[in-house]
Structures are given as C-alpha cells and as structure tokens.
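> Quick one: structure below, then a few questions.
The values are calculated or read from the model by the stated rules, or taken from the named source; none is laboratory data. Owing to the predicted nature of the structure, the values given are computational and were not obtained by experimental measurement. Cβ placement follows ideal geometry from the backbone for every residue including glycine, while neighbour counts extend to all protein chains displayed. When the accessible area is computed, the model is the full protein with side chains, heavy atoms only, and any ligands, DNA or RNA have been set aside. Shrake-Rupley method; radii C 1.70, N 1.55, O 1.52, S 1.80 Å.
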Amino acid sequence: MSSLAQSQLRETFELNIGPQHPATHGVLRIKVVMDGEYIDRAEPILGYIHRMHEKMGENRTWNQFWPNMGRLDYLSAIAYNHCYAGLMERALGIVVPERAEYIRVITAELNRIQSHLLGFGAYIMDLGGFTPLMYAMDEREQILDLLESVTGSRLTYCYFRFGGVYNDIDDDFITGTRAFLKRFRPQIDLYHKLVTGNVILMDRLIGIGPLSPEICRKYGATGPVLRGSGINFDIRKNEPYSVYPELDFDIPVYHECDSMARYMVRMDEMGQSCRIIEQALNKLPEGPVMAEKVPKALKPPKGDYYYAVEAARGMFSMRTVSDGTNNSYRMRLRSPTYSNVSLFEEASRGMLLSDALAFLGSLDPVIPEMDR
Amino acid sequence: MSGYFKDIVTGLKSLVVGMQITNKEFFTKPITLQYPHQSVKMYPRYRGHIELVKDPETGRNRCICCGMCEKGCPSGCITVKSEKKPGVKGKVLTAYILNFTTCSLCGQCVENCKPEAINFSNEYNLASTRREDYIFDLLQKLHPEGVPEPEVDPELLKKEQEKEEAAKKAAAEKKAAAAKKEAAPKAPAKEGGESKAEEKS
C-alpha cells in the first residue's frame, strides 16, 4: 500500500469501472474508491441484466424452462443443459441411454474448450494484446461449426432433453471432431509459445491477484479460480455424474495462487478436455439417444431435488422443489461466477488499478450468469 | 545491473519467438471469408425460424390445427387460426402466425408436432429495421402465390349437407312445436282438450 494511504492526510476519489467498458466482459460495474493509483475499496454492483430466471422456472412448465438454460452462461450453455437434464432425470427416475450420455459428454467438453478459448483470447485482450484473440477465435469457429452441425445453434444451445438428446450425431461430426482434435493439440503449444512465454504477460500475471485457499473457501469460489489456489475440487471427480467415471482424465491444479495459476489451469483443462473427447469418441456405443419412457405430461413426485455439474467456470448446481404439479414450486440456480466475483472486493484491497483488471480478467466472469 | 541486461536478453528472446509465429502467418492462406461475396456453409440442422412443411403428395400443409405447438411454446409466439369448412374433414388452417421477435428457437413446437407439420427453416438473412417484418404468417410463406382451397370430399359434403338439412328440419319442427305450445294457452278454453290430444299424438 502506498505511503499516502497510510498517512492521515489521505484523499480518496471514486471511479466507476463499467458498466460499459471493454475490460469488464459485459455489463459489470465496479465502484472503486481509489487512493491515488491504489484501490481502497472495490464494490462490484450487479443486476444490470437480471432477468429473473429463477422466477421463470416457477412460472413455466418443466419443458418450457429449457431455452433459459442456454441463456445463463452463454459460453458454456451445454453444461447448463446437462445440469437441468440431470436434475429432472433424477426427479422423474428416467434412465438415459448410454449413447446419449456419451454424446452429452462430448458436446459439453467441446463447449468447455470453446469457452476457455474465448476466455483466453479475451483475457489477453484485457491486458492489451489483440493478436491472441484472433488465434483463439479461429479454433473456436471450428468448434462452433461442429456444434452447429448437431445442435442447430451456435451459442445458445437447447440440445438436451429429459431422457436424452434432441438428435443423434452423425459420422461427419465424429470425423470432424477427430480432425479438430488433431489440429487443436499443436495449437495449444503454439499459444504457450506465443503468449505464456511472453515476458510482458509474465510480468503482469505472476504474483498478481493472490488468492489464498482460505478466501476461496470463504466465498465459495469454484472452478479454475479454486484450482489455481491449490484446492483440487472438480465435480467431475468429486461428485461424478454422467459417464465421467468411465473416462480417464486429470484435474490440473496449481499452487501458486496468482493470476498466472488460474490462466494455466484453463490452458491445461483444454488439453484434458481433448483427452476426454477422444476417449468418449472411442467408447461411443450404438443405440438410441432418447429414453423410451418419457411421460408427455411431466409431473415429478413431491420433493426436493439437486444436481450439480462442472461448467467451464466452476460448479453449477440446480435445486428444485416440486409440489407434484407441472411447474416448479421453487427453482434455485447456483452459478459459479457469482461466488467467484464476490471475492473481488476483499482480494483487490490495496491493489494497483492495472493489476486489479488483470485479476478480474483471471476470474473469467460471465455477467448474464452472475445476474441470472 | 546484471538483472537489467538479463531482462533485455529474455525480453528480446520472447519477442523473437513471438514474431516467428506471427511471421509464419504471412505465408498461410487467410481464413476470413469476404461475407457478402462468399458465405459460410449452412448445415441442414441449422435452426432458423420454423416453417410449415409442404406435403409432397397433396402440396398442402400437414397441420391438423391441434394447437400443441401453441401450448408448448415457452414465449407464446405462435398463434394458430383455423375454421371448419364444409366438406373437409377436420379443421382447416387459415393462418399460422409466428412472432419471431420473441421466439428463442428451442424446438418445443417442432417436437410437440405429431403430424410433423412444422420444421426449422435454413433462413438466416432476416435483417430489417421494422418490427412488423418479424411477424410472419407461415401459411402465406408456404404458398406465396395464394393459399389453395382445401380439397372437398363430395361424399362427406353430401353427408354433411344431409345432416345439416336434418338438423335444420329438426330445428324447424322444434320451433313450430314451440310456437304451437306458446299459441295453445292463448286459444279459447273450450278447444283446450282437443289441442292437448293433438300434442300427445
């Protein structure tokens, strides 16, 4: 902290970061009290795109809530689809065919790579480097094309259904995905050569934005933020769902607790997702992609249901209370970015403004999901 | 001081490595498509706005006007208008209005449709500055040259006409009877017994 901040004669001023600022990834507003170039207090102000998704879950029928799942976190929408499908299958006791589960895992992991790619590109752009975004976007387009050929949409997917998936994947998708993996693996090394080894990036990330494991636990941070602080927690391993137990993959964990560690977790996760997709494609069984007995009028028995998945930004979980009618009594969505950003206030105290933006970018926030 | 020179050396090294990659891109083919002149490949599963399916046998839509798409739609953007026409089995679709401004392309309507009468179109060039341009009548879109009249089944028409006539006759008889009944109390008291006997027969 500066000597000015500690003296009696300190003078502070207020500064708004956002809500419309290219470095804030959307409409996040951070009200900062500045002491010279150092942050005295930072307060994230949420709710600029609050759309009452939870209330919509109570007003719409179970099936009508589907399109909302693509509009929470628009970058890893398939993981959110997965959570809702899993939740209702648990409530209704539907057994999903194995092929559908594998398709779900393949598409969800492709979606995760795509999300991390954009996170990587946009993060470097936050720090002032424009070129890596173009490299990231090139690969991301390949994934979007692949996903478009099965799901029909490019961003706000509504692909899963209770008991399976909307339609089957074809051979073009399988060969296309294999070709993509072959092309993408050397590309990760290229990113490391181009970006990670860069001196400017290292200076701006190493040791910046320290997050102790305690503060992560305190605010309930999940995903790459938590794993960058040395805590090995991933829903795919800790509370396995779908066919993840049958696949062999590692959870990258870094103990440096700084922005570089969080960045490296994301980069390594892309490689692990490639491994998952490859294994899932090899193991992909034949068969139907939709369960046979899915009732037309969905009325889950009275009770309280919960399901959690690992989305690209951390743990996403849903809890619903059913009163036996055709819509929910209470729908609760727990989104990862909300807890990841809420620790910003405490962790950014005394930080340089330029470092705080590097730190905020390393949390990789997606605002629609935070506001819900 | 040695740290200063070390920084310069490592900085230059990372610059060279980065520029090597950038320079390589000078010799690769550009991946950008010049959009208005070239366009990207559209996938058959692409979800554009919904459209009515033309039945290749009859050349008409397959809609049975059950309204399941309307009921399943999360945003209530579909309105199905139908009417009963003489000599045609079931209801006849008169307008299928899609308010595309609120549609979220979830596919619930397509999934709910039993006769597979609707499907996703591949249309994506829909730019407009007027909101009204996004309220489509899909029936007009299916038949831009004019909606053909439904095929009339003569047997059904005959049956219906007979039924209608019978109904008319019955209604007329009922009306006459009611009129008579109404007239009866007004009639002179001495003729009361006779009229009652008539009614019984």
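> Return the residues of segment A:258-280 that are surrounded by 20 or more Cβ atoms within 10 Å (Cβ to Cβ) and charged (D, E, K, R); say none if nothing qualifies.
A:Asp258, A:Arg262, A:Arg266, A:Glu269
> Can you tell which of B:Glu151, B:Glu162 is assigned to a loop (DSSP other than H, G, I, E, B) and open to solvent by 60 Å² or more (accessible area, probe 1.4 Å)?
One residue alone meets the criteria, B:Glu151.
Each row is one residue, and each column tells you yes or no for (1) farther than 30 Å from A:Met202 by Cα; (2) touching a helix residue (DSSP H, G or I) at 6+ places or on another chain (Cβ under 8 Å).
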site: B:Ile21; (1), (2): no, yes
site: B:Cys65; (1), (2): yes, no
site: B:Lys85; (1), (2): yes, no
site: B:Lys89; (1), (2): yes, yes
site: B:Phe100; (1), (2): yes, yes
site: B:Glu111; (1), (2): yes, yes
site: B:Ala117; (1), (2): yes, no
site: B:Ser121; (1), (2): yes, no
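> Can I ask one more? So, in segment B:71-90, exactly how many residues are surrounded by fewer than 17 Cβ atoms within 10 Å (Cβ to Cβ), within 28 Å of A:Phe65 (Cα to Cα) and more than 11 Å from chain A (Cβ to nearest Cβ)?
Matching residues across segment B:71-90 total 2.
> Restricted to segment A:84-143, and to residues that are open to solvent by 30 Å² or more (accessible area, probe 1.4 Å) and among the small types (Gly, Ala, Ser), which residue is farthest from A:Asp73 (Cα to Cα)?
Within segment A:84-143, the match that is farthest from A:Asp73 (Cα to Cα) is A:Gly93.
> Taking the conditions exactly as written (without any contact (Cβ under 8 Å) to a residue 24 or more places away in the chain and under 27 Å from A:Met88 (Cα atoms)), does A:Asn238 satisfy them or not?
Spelling it out, A:Asn238 is indeed without any contact (Cβ under 8 Å) to a residue 24 or more places away in the chain and under 27 Å from A:Met88 (Cα atoms).
> Taking only segment B:37-70 into account, find how many residues are over 20 Å from B:Cys109 (Cα atoms) and within 12 Å of chain A (Cβ to nearest Cβ). Reasoning before the result, please.
So the first thing to find is which residues in segment B:37-70 are over 20 Å from B:Cys109 (Cα atoms), and the list is B:37-43, B:56-59.
Adding the requirement that they be within 12 Å of chain A (Cβ to nearest Cβ) leaves B:40-43.
Residues that pass the stated criteria total 4.
> Give segment A:188-206 a look and list any residue that's open to solvent by less than 50 Å² (accessible area, probe 1.4 Å) and away from every other protein chain (no Cβ under 11 Å), or say none.
A:Ile188, A:Leu205
> Okay, next question. Filter segment A:158-185 down to the residues that are closer than 19 Å to A:Pro67 by Cβ and at the interface with another protein chain (Cβ under 10 Å from one of its Cβ atoms) and list them by number.
Quick first cut of segment A:158-185, residues closer than 19 Å to A:Pro67 by Cβ only: A:158-167.
Hits for segment A:158-185 are A:Cys158, A:Tyr159, A:Arg161, A:Tyr166, A:Asn167.
> Applying the selection to segment A:351-363, what residues are open to solvent by 10 Å² or more (accessible area, probe 1.4 Å) and under 15 Å from A:Ala122 (Cβ atoms)?
A:Leu357
> Now a separate question. Might you let me know whether segment A:216-228 holds any residue that is within 14 Å of chain B (Cβ to nearest Cβ) and either open to solvent by 50 Å² or more (accessible area, probe 1.4 Å) or assigned to a loop (DSSP other than H, G, I, E, B) (or both)?
no
> Hey, A:Leu72 hits all of (1) outside any loop (DSSP other than H, G, I, E, B); (2) away from every other protein chain (no Cβ under 12 Å); (3) buried (at least 24 other Cβ atoms within 10 Å of the Cβ) but one; which does it fall short on?
Unmet condition: (1).
> Can you confirm whether segment B:123-139 contains a residue that is within 14 Å of chain A (Cβ to nearest Cβ) and either surrounded by 14 or more Cβ atoms within 10 Å (Cβ to Cβ) or touching a strand residue (DSSP E or B) at 6+ places or on another chain (Cβ under 9 Å) (or both)?
Yes: segment B:123-139 contains one or more residues that are within 14 Å of chain A (Cβ to nearest Cβ) and either surrounded by 14 or more Cβ atoms within 10 Å (Cβ to Cβ) or touching a strand residue (DSSP E or B) at 6+ places or on another chain (Cβ under 9 Å) (or both).
> Hey, among the residues in segment B:1-36 that are among the aliphatic types (A, V, I, L, M) and outside any helix (DSSP H, G or I), which one's farthest from the other protein chains (Cβ to nearest Cβ)?
Among those residues, the one meeting the criterion is B:Met1.
> So, in segment A:323-349, how many residues would count as being open to solvent by 10 Å² or more (accessible area, probe 1.4 Å) and aromatic (Phe, Trp, Tyr)?
Summing the residues that are open to solvent by 10 Å² or more (accessible area, probe 1.4 Å) and aromatic (Phe, Trp, Tyr) in segment A:323-349 gives 2.
> Given the conditions (1) assigned to a loop (DSSP other than H, G, I, E, B); (2) among the polar types (S, T, N, Q); (3) surrounded by 23 or more Cβ atoms within 10 Å (Cβ to Cβ), which single one is not true for A:Thr320?
Only one criterion in (1) assigned to a loop (DSSP other than H, G, I, E, B); (2) among the polar types (S, T, N, Q); (3) surrounded by 23 or more Cβ atoms within 10 Å (Cβ to Cβ) is unmet by A:Thr320, namely (1).
> For segment B:16-56, what are the residues that are open to solvent by 100 Å² or more (accessible area, probe 1.4 Å), free of Cβ contacts under 8 Å to residues at least 40 places away in the same chain and over 17 Å from A:Asp138 (Cα atoms)?
B:Gln20, B:Pro36, B:His37, B:Pro56
> From the set of residues in segment A:13-36 that are assigned to a loop (DSSP other than H, G, I, E, B), out of contact with any strand residue (DSSP E or B) (no Cβ under 6 Å at 6 or more places or on another chain) and open to solvent by 20 Å² or more (accessible area, probe 1.4 Å), which is modelled with the lowest pLDDT?
A:His21
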